[in-house]
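Below is one structure, written out as structure tokens; the observations come after it.
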Amino acid sequence: MTAPAPVLRTRLSDDERTMISRLNSKLSKAAPRDGLHEAYFEGEHRLKQIGIAVPPELQMFELVVNWNRMYLLEIARRQKIKSLMMPGGKKKQNKALQEGYEVNNLSAEIPLLNIETMIYGRCFGTVSSNADDPDHPRLAFESPQQMSCQVDTRRRRMAAAFRQFRTEDGQRVGTLMLPDKTIQVVAGRRGWEIDTVGGDDDVDEHGLGRVPVVLFLNRRRLAKWDGGSEMTDLIPLVDAAARALTNLQIAVETHSVPQKWVLGMSKGDFVDNNGRPIPVWQAYYTAIWANQAKPDAVKVGQFSPSDLKNFHDTTNHYAALASSLTGLPFRFFGQNTANPAAEGAIRADESRLISNAEDKNEAQGVGIGWMMALYERFRTGKWPDGNRAIRVEWRNPATPTKAEEADFIQKLNGGTPVLSREGSWDEMGWDEARKDREREYFAIEAEDPLLERLTRPLTTGADDAADRVS
């Protein structure tokens, strides 16, 4: 007797439909603000968005200085992961975690995560099984413009998440992620419905007990789960600089070049012997003026050009304010001196920028650690020891000044070596693959017969000397 075929669920429950509606509304509400932040980061905002009505004939002079992108990219450049280690036990890089890191191309994806989090104030990381490679679950970062979530504030844990996007043919598809299941949905005439494909109802009953999503927040505050854009404080200064630079562009065209004036002439004087007008009457800038009137009846002169130093000083003042606000050294805004700064001066100049990057590394590291913990749960079926996040170790975000640092350590330690061979490799920033290759080189050298013959007399001489002493 054949078993009855399973009945596929094709409709969402009322609770699931309500959850999708709530999360979709939350995403739509944040869309205008997200779009504005994206425009500022890309340098695409125009003066009409900051309250200035620019005549059409002057729109070519609009100029935007993109300090927002410079600031965010400078922080992101200093956020480099050094290693991933299991919680507890020996503080040693875990090869299984490193393999998952490399398979999912996280070295290229995490910089995008850091930038998106600073732009929008939030970002998402998801973990899922990988049908193409079951041994390596899939790790991905999702755009906050396509995803929203609901947080259980009492348990401080994700309650649900919803991701949606449009396919190339314009169809809206989505994924509802719940603690015990993940549902693939599609928007139809009757709203969101389960996306049935063949005999699969696209409902994954994983029974994980947690939503396989990690929320990353920038400038997080207590009892708030939206975060804040890193550009919020800088945007008013960028707008002010845009106004000053646009006025400077117009002033260059209209006031920096001396304007000419003529007394005792009319347009009719600019004609040749045949009565045809001479086109230089409307000459621009350096054209030569000519006339047919008597020299003693005409006075020609020019106004003094305007000094544009006030625009320069204003823009530099805004740059100084932006430097104090962001912690970026003033030289990053084009204010360079003739003599390059010394190593110690560079580190002191970047102290606030370094501290900012370290704080963000700490916050991002917690989220990445929980993503890797979910990765281990998907890979092995077990949570890491103590149900804790994977430990993420970051590289020093300071501008490298190795000579000064080495000299400082040696002086503190009285000249005694403080690093082992492999410890030196860590400080040099080598990954595990590079270390393994170097270990193989050492092993080959140790077995090299030529090297053994060269070192044998030294070893024999040392042994003979020891025998004579004894």
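The values are calculated or read from the model by the stated rules, or taken from the named source; none is laboratory data. Please read all numbers here as calculations on a predicted model, not as lab measurements. We place every Cβ from the backbone using ideal geometry, glycine too, and count neighbours over all the protein chains shown.
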Exercise for the section: Would you tally the residues in the stretch 203-219 being in contact with a helix residue (DSSP H, G or I) (Cβ under 8 Å, 6 or more places away or on another chain) and either under 24 Å from residue 193 (Cα atoms) or among the aromatic types (Phe, Trp, Tyr) (or both)? Expected result: 4
Practice task
Only residues that are modelled with pLDDT of 85 or more and surrounded by fewer than 10 Cβ atoms within 10 Å (Cβ to Cβ): list them for the stretch 1-14, please.
Solution key: 14
Completion exercise
Log entry, pairs with first residue in the stretch 115-141 being more than 15 Å from residue 363 (Cβ to Cβ), second being of a type in the set (Lys, Arg), beta carbons closer than 6 Å, six or more apart or on different chains, reads 128/138; 130/138; 137/379
Handout entry: From the options 28, 21, residue that is at pLDDT 85 or above and loosely packed, with under 11 Cβ neighbours inside 10 Å
Key = 28
Practice task
Could you tell me which residue of the stretch 155-174 is surrounded by the fewest Cβ atoms within 10 Å (Cβ to Cβ), considering only residues that are without any contact (Cβ under 8 Å) to a residue 60 or more places away in the chain and under 15 Å from residue 214 (Cβ atoms)?
Solution key: 156
Practice task
Return only the number of the condition from (1) surrounded by 15 or more Cβ atoms within 10 Å (Cβ to Cβ); (2) under 18 Å from residue 370 (Cα atoms) that residue 194 does not satisfy.
Solution key: (2)
Practice task
Look at the stretch 204-244 and say how many of its residues are within 19 Å of the chain's Cα centre (by Cα) and not in a loop (DSSP other than H, G, I, E, B).
Solution key: 6
Fill in the blank from the handout: Only unsatisfied item for residue 140, checking (1) assigned to a strand (DSSP E or B); (2) of a type in the set (A, V, I, L, M, F, W, C); (3) in contact with a Phe, Trp or Tyr (Cβ under 8 Å, 6 or more places away or on another chain), is (3)
Problem - Members of the stretch 107-137 that are crowded, with 21+ Cβ neighbours inside 10 Å and in a strand (DSSP E or B) - result: 122, 123, 124, 125, 126, 127
